[in-house]
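What follows is one structure encoded as structure tokens, with my remarks underneath.
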Amino acid sequence: MGAMPSAWGEVRAGILLLSVLSLLSAGLVAAAQDAGNAIPAQSRPCVDCHAFEFMQRALQDLKKTAYNLDTRTETLLLRAEKRGLCDCFRAIH
């Protein structure tokens, strides 16, 4: 059970990171529009592309963490069931 809190911590940290990034990007867009300094689309693709790639990697990391957590949970459940069955079998014989 000691591994589960760290995995949940990773998931929560990833969600927090994505939330902060989305708030920052929304704030930057709003600030640029408010100042009347709209950045032409031609000069944004690299920044947008890098942000997208970063968020895509973060999402992949979150998926891996969720999969690992699910796998660990299933393994622990199977061990508990096996232990219960073996204990029951020993008690009968």
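Specify the residue that is farthest from the chain's Cα centre (by Cα); the eligible residues are those in region 60-80 that are more than 27 Å from LEU17 (Cβ to Cβ) and of a type in the set (A, V, I, L, M, F, W, C).
ALA80
Which condition from (1) surrounded by fewer than 11 Cβ atoms within 10 Å (Cβ to Cβ); (2) modelled with pLDDT of 80 or more; (3) of a type in the set (Ser, Thr, Tyr) is the one that SER43 breaks?
(2)
Need the failing condition index for LEU69 against (1) assigned to a loop (DSSP other than H, G, I, E, B); (2) at pLDDT 70 or above, just the number.
Going through (1) assigned to a loop (DSSP other than H, G, I, E, B); (2) at pLDDT 70 or above one by one, LEU69 breaks only (1).
The values are calculated or read from the model by the stated rules, or taken from the named source; none is laboratory data. Predicted model, so just to flag it, every value in this text is computed and none were measured. A quick note on method: Cβ atoms are made from the backbone with ideal geometry, for glycine too, and the neighbour counts reach across all protein chains shown.
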